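Please read the structure below before turning to the comments.
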Amino acid sequence: MNDYVVLIATRMTSSRLPGKALVSYCPDGMTNLEQIVRRWQRSWRAPKIVVATTTDVEDKPIEARCNTLDVPCYRGVRDDVVSLVNESLLAFAPDAKYIARGMNDSPLVDVDLGGSATINYDSCALAQKKAPRPPNAIAFRELSY
């Protein structure tokens, strides 16, 4: 089992670009979320990919897209991103040792840099918020390029 997980947190109600998760910049109609998922799937690390979104009705299309991409999608509370991330990991990647957060607004991210940017779990946001520690999770880093 791969011990490297990429969590992509996204929602449709962005204030700057509503619907950005499923917007398409490609002539073939590929969505932003699909581009990001495919980039991570091609990484040499071959990470497990998990998408996290809210239970808001507006985010139902994200779950539907994840189903077509065969990517697990966790739906949780909107106003507590730390809990959303933690619950997503516990639901779909409880044995993960390395966790990276892929950003839904970075479709051109160099995913192979993701493995080099990790920090100790105890100094990360999850620990500071006193959220239950995902079993064996030792790394979490928000990756933004």
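The values are calculated or read from the model by the stated rules, or taken from the named source; none is laboratory data. Since we're looking at a predicted model, the values are computed, not measured. Using ideal geometry, Cβ is built from the backbone for each residue, glycine included, and neighbour counts are taken over all protein chains shown.
Being touching a Cys at 6+ places or on another chain (Cβ under 9 Å), in a loop (DSSP other than H, G, I, E, B) and either surrounded by fewer than 19 Cβ atoms within 10 Å (Cβ to Cβ) or polar (S, T, N, Q) (or both), is that true of even one residue in the stretch 72-81?
Yes, the conditions are met somewhere in the stretch 72-81.
Pairs meeting the criteria (first residue in the stretch 81-110 and closer than 15 Å to THR54 by Cβ, second residue of a type in the set (Gly, Ala, Ser) and at pLDDT below 85, beta carbons under 8 Å, at least 6 apart or on different chains) are VAL82/ALA125; VAL82/ALA131; SER83/ALA131; ASN86/ALA131.
In the stretch 44-55, the count of residues that are in a helix (DSSP H, G or I) and either without any contact (Cβ under 8 Å) to a residue 60 or more places away in the chain or in contact with a helix residue (DSSP H, G or I) (Cβ under 6 Å, 6 or more places away or on another chain) (or both) is zero.
When each of ALA64, ALA21 is tested for being crowded, with 20+ Cβ neighbours inside 10 Å, small (Gly, Ala, Ser) and assigned to a helix (DSSP H, G or I), the lone residue that passes is ALA21. When the test is whether a residue is over 16 Å from ASP105 (Cβ atoms) and modelled with pLDDT of 90 or more, THR10 does not pass it.
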